[in-house]
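Engineer: Structure provided below as structure tokens; questions to follow.
Computed from the coordinates by the stated procedures, all read-outs in this text should not be read as laboratory data. The structure presented is a predicted model; accordingly, all values stated were derived computationally and were not measured. All Cβ positions, glycine included, derive from the backbone under ideal geometry; neighbour counts span all protein chains shown.
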Amino acid sequence: MTGFIQEIEKRKTFGVISHPDAGKTTLTEKLLLFGGAIQEAGAVKSNKIKKGAASDFMEIERQRGISVATSVLAFHYKDYKINILDTPGHKDFAEDTFRTLTAVDSVIVVIDVAKGVEEQTEKLVAVCRMRNIPMIVFINKLDREGKDVFDLLDEIEQKLGLSVVPLSFPIGMGADFQGIYNIWENNIRLFLEEKKQKIGESITFEDIRDSSLDGIIGGKAARTLREEWELVESVYPKFDREEYLRGKKQPVFFGSALNNFGVRELLNAFVDIAPSPQPKVSDVRIVYPTEEKFSGFVFKIHANMDPKHRDRLAFVKIVSGLFKRNENYLLVREGKKIKFSAPNAFFANKKEVVEVSYPGDIVGVHDAGNFRIGDTLTSGEILNFKGIPSFSPEHFRYINNSDPLKAKQLAKGIDQLMDEGVAQLFTLEMNNRKIIGTVGALQYEVIQYRLEHEYGARCTYEPVAIYKACWVDGDEKSDEYKEFCRLKQRFLARDKYNQLVFLADSAFTVQMSKEKFPNVKLHTISEFSNASEQILMK
């Protein structure tokens, strides 16, 4: 049992979140580089380097230079096994990111030094705060001109509601950027040459008031650094790990991911302070990682990660116990036993079959269509992990088949993409027409592209006037419920899981329906208990 607990404590599973273009995928690449998982980082935006980022699997991601699906990556560093979930930054794919946050034990928030706190960062941080997820802030792109450091720290506190503690501090910025004072390890790391491509070894200072610092970074820069550091000491509290783990204090690091700068400092502090796997709430009890019996949940499904093999993987976060290859596990929703002959772990862009996995690990299991997002797997106990709802989409369109000869391929493609959570499918009760609902308009382009390139099917879209999808909850035998269904029959549909949904055409319609049918509850998320998520998504 001691070895089992040691293995759990070695694991750190975290997500990287940010607004698009803050450098999140680049930071992920550099963390993998420092961990020795890859030999060369792919430039997501650069046309000179045709190599794609290791965390961007799909062809459309490589073409657009954005991440549209959460990638799961792992590497070893200083005797720790680190699992990274690199999430989409683009708001059109926010739902994938919200689901992924259920599978992490901590988060790194990436902020662009020039743009500061942006809209998508605010939404994602709000979810992390609601769940008390420990957060580290990484302020990126210090090699470019940006906002004043103290103004930026104030903005993070005010806009994101965080309480920051700087654990590193920049020496200059943009053209004057010389390096980083690493408060956590009490040393300084500098660029070696004018082009700012090479990084020197760290120089340890017992005290930054030491006069030898002037000779290394220049008298003016040394004076500025000392003044700013005195201000940091007087304004910000000392770092307290317990406060960080409770989600009450957020350490801040500075750097330039593109130039590898500040990334090692971030990683060293991360392995020291970030939490090991945490307990998770189920519908019957709290489940602890150290329990002997296995439990886990599916937070993501991805079809065609390898287009040559048409494979479909369900990503399982292990919550407790050992997950073993070729052992029978209970899929709680179906009440049936399943065993997995080739569970995968992910090391950068390579998959490998694993015999045993521990709490905190993410395992990819081949899925023949058994799984839904949110499914719970156990050694036999009947419980369900909560908190992975579907949100009401923002955009709705009819989907039409462009090639009648490929109807089967289209149906299969839509079915599998909906299982992934790329979008939601609603089938009208009245005429069986199919409507695709998405969080963002860009998802329609992704669906169209993937249907054609992965399933050989083509589709077109047609506008439909829908304001919100509301899941219907009530006593189906009551006269009130039956009357609601009679009056609203033109607007009623079934979702992929056969739940009744009211596709309302306006906020006024929703309000009037609630007033007229008070016992018929209309929910804008599919998991009715999660009211706080509902507030967040309004």
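Engineer: Give, as ranges by residue number, the residues of the stretch 109-152 whose backbone N falls under 19 Å from the point 7 Å along Cα→Cβ of LEU231.
Structural biologist: Within reach of a label on LEU231, which here means backbone N under 19 Å from a point 7 Å along Cα→Cβ, the stretch 109-152 contributes 113-117, 139-140, 142-152.
Engineer: Karplus couplings for the stretch 355-360 from phi (6.51 cos²θ - 1.76 cosθ + 1.60, θ = phi - 60°), rounded to Hz, Gly and Pro as x?
Structural biologist: Working through the residues one at a time gives 7, 9, 10, 10, x, x Hz.
Engineer: So if each residue of separation counts as 0.36 nm, and I subtract the Cα-Cα distance between VAL271 and ASN498, what length gain in nm does that give?
Structural biologist: Working: separation 227, 0.36 × 227 = 81.72 nm, distance 4.43 nm.
Working it through step by step, the gained length comes to 77.3 nm.
Engineer: Which pairs break 26 Å Cα to Cα here: LYS336/LYS468; LYS78/LYS317; LYS300/LYS488; LYS496/LYS521? Write down the numbers at each step before the final one.
Structural biologist: Numbers: LYS336/LYS468 35 Å; LYS78/LYS317 23 Å; LYS300/LYS488 34 Å; LYS496/LYS521 20 Å.
Table pairs above 26 Å Cα-Cα are LYS336/LYS468; LYS300/LYS488.
Engineer: Here's a follow-up. Is there a pair in LYS406/LYS434; LYS337/LYS412; LYS10/LYS386; LYS293/LYS337 whose C-alpha atoms are over 23 Å apart, and which pairs would that be?
Structural biologist: LYS337/LYS412; LYS10/LYS386
Engineer: Okay, moving on. With each pseudo-label sitting 7 Å past Cα toward Cβ, what's the ASN431-ASN132 distance in nm, one decimal?
Structural biologist: About 5.2 nm, to one decimal.
Engineer: What does the highest-first list of 243-256, 98-111, 485-498 look like by mean Cβ count within 10 Å? Before the final figure, lay out the partial values.
Structural biologist: Values: 243-256: 21.4, 98-111: 24.6, 485-498: 14.6.
Final packing ranking: 98-111, 243-256, 485-498.
Engineer: If Lys and Arg each add +1 and Asp and Glu each add -1, what is the summed charge of the other residues whose beta carbon sits under 9 Å from the beta carbon of GLY369? Intermediate results must be reported in sequence, preceding the final value.
Structural biologist: Values: positive: ARG312; negative: ASP367, ASP415, ASP419.
Every neighbour counted, the sum reads -2.
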